[in-house]
Amino acid sequence: MSIPTLIFRTIRWSAWDGCEAGLEHVDIRPADGGLDISGVVIAREDETQFGLSYRLKLDALWRTREVRLTTTTGHALHLESDGQGHWQENGKDQPALQGCIDIDVQATPLTNTLPIRRLGLETGKSMEIRLCYITVPDLTVFASNQRYTALEAGSLYRFESLEDGFTADLPVDEDGFVLDYPGLFKRLG
């Protein structure tokens, strides 16, 4: 898959069980040679309802350079990366995140697109990655190992969490954004 970052998109997902269980709105815009992505999620995790706003800055190679997340209850997380796997949280080095290039925010399918686009896998190829996993609504961040496999490059990818064995086959659109995440999220419109 090519790497063009001149993408102007607005995407919405609902929770698999419908909008009353969760809804997300995301705007993707070119900025500084990469992408600026802003999103809002209203949902629940187990019995906890939450609101989350986030902003991601990506470079031209789809590497995460900055992450800002804020919940409506006041939790906040600010991460910055050099794009080479070195991270800072609120200005302090985070050696536990060493080697992570991508992020995975628990509450959104948007972040699955980042490694799908960055890796550019050909059909039948897979790659294990280490990334920053961010839980919601508490905004805890830790390193996690995952694998992506291109079942049909440009249209279908298998996601595997190497930590707990969770697997999902993710259909994507022409820009690599997840259409449906079976059991979790559905694209609206």
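The values are calculated or read from the model by the stated rules, or taken from the named source; none is laboratory data. If you're wondering where the values come from, they're calculated on a predicted model, not measured in any experiment. Every residue, glycine among them, receives a Cβ derived from its backbone with ideal geometry; neighbour counts consider all protein chains shown. Keep in mind that these areas ignore ligands, DNA and RNA; they rest on the heavy atoms of the full protein, side chains included. Shrake-Rupley method; radii C 1.70, N 1.55, O 1.52, S 1.80 Å.
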*With a 1.4 Å probe and every protein chain kept in, tell me what percent of the accessible surface of the chain is carbon plus sulfur.*
49
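Across every pair of different alpha-carbon atoms, what Kirkwood hydrodynamic radius in Å does the chain reach?
Working: mean 1/r = 0.0604 Å⁻¹.
So the Kirkwood estimate lands at 16.6 Å.
What percent does the relative contact order of the chain come to when contacts are Cα pairs within less than 8 Å and at least six residues apart? Intermediate values should be presented prior to the final figure.
Values: 469 pairs, mean separation 30.5, N = 189.
Dividing the mean separation by the residue count of the chain yields 16 percent.
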_Overall dimensions of the range 141-189 as given by Cα atoms, namely Rg and Dmax in Å_ = 11.6, 33
*For the range 22-28, take each phi angle, set θ = phi - 60°, evaluate the Karplus expression 6.51 cos²θ - 1.76 cosθ + 1.60, and give the result in whole Hz per residue in order, putting x for glycine and proline.*
x, 8, 9, 10, 10, 10, 10
_Test of understanding: what is the full-extension gain from ASP27 to ALA143, defined as 0.36 nm times their sequence separation minus their Cα-Cα distance?_
39.1 nm
_Using θ = phi - 60° and Karplus 6.51 cos²θ - 1.76 cosθ + 1.60, couplings along the range 64-76 (whole Hz; Gly, Pro as x)_ = 6, 10, 8, 9, 10, 10, 9, 9, 5, 8, x, 5, 9
*For the chain, modelled as a Gaussian network with Cα springs under 10 Å, which listed residue fluctuates most, GLY154, GLY22, GLY91?*
GLY91
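Compute the FRET efficiency between ASP82 and ASP36 as 1/(1 + (r/R0)^6), taking r as their Cβ-Cβ distance and R0 = 22 Å, and round to the nearest 0.05. Don't skip to the answer; put the middle values down first.
On the way: r = 18 Å, r/R0 = 0.82.
It comes to 0.75.
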*Debye-sum result for the range 101-189 in log10 I(q)/I(0), which assumes one identical scatterer on each alpha carbon, at q = 0.12, 0.20 Å⁻¹*: -0.32, -0.92
*Evaluate the Debye formula for the range 107-155 with equal point scatterers sitting on the alpha carbons, no solvent, and hand back log10 of I(q)/I(0) at q = 0.13, 0.18, 0.27 Å⁻¹, in q order, two decimals.*
-0.34, -0.61, -1.05
_If I stretch the segment between LEU162 and GLU174 completely, what's the gain in nm (0.36 nm per residue apart, minus their alpha carbon distance), one decimal?_
1.6 nm
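For the range 78-132, just say rounded, prolate or oblate: build the C-alpha gyration tensor, square-root its eigenvalues into a ≥ b ≥ c, call rounded for a/c under 1.5, and beyond that prolate if a/b exceeds b/c, oblate if not. Please report the intermediate quantities before stating the final value.
Working: a/c = 2.74, a/b = 1.75, b/c = 1.56.
Here the range 78-132 falls in the prolate category.
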*Calculate, for ARG187 and THR135, the FRET efficiency according to 1/(1 + (r/R0)^6) with r their C-beta to C-beta distance and R0 30 Å; round to the nearest 0.05.*
0.80
*Using a Gaussian network model of the chain whose springs link C-alpha atoms within less than 10 Å, name the residue from ASP104, ASP36, ASP82 with the highest mean-square fluctuation.*
ASP82
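Decide, for the range 9-83, between rounded, prolate and oblate: order the square roots of the alpha carbon gyration tensor eigenvalues as a ≥ b ≥ c, take rounded if a/c falls under 1.5, and otherwise choose prolate if a/b is larger than b/c, else oblate.
Working: a/c = 2.89, a/b = 1.63, b/c = 1.78.
Note, shape of the range 9-83 comes out oblate.
Within 10 Å of each candidate Cβ there may be at most 13 other Cβ atoms; applying that plus a DSSP loop requirement, which GluC sites (Glu not before Pro) in the range 57-151 survive?
Values: sites: GLU66, GLU80, GLU89, GLU122, GLU128; in loops: GLU122.
Passing sites in the range 57-151 are GLU122.
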*Amide H to amide H, which residues 5 or more places from ASP102 or on other chains are under 5 Å from it, using H placed in the peptide plane?*
CYS132
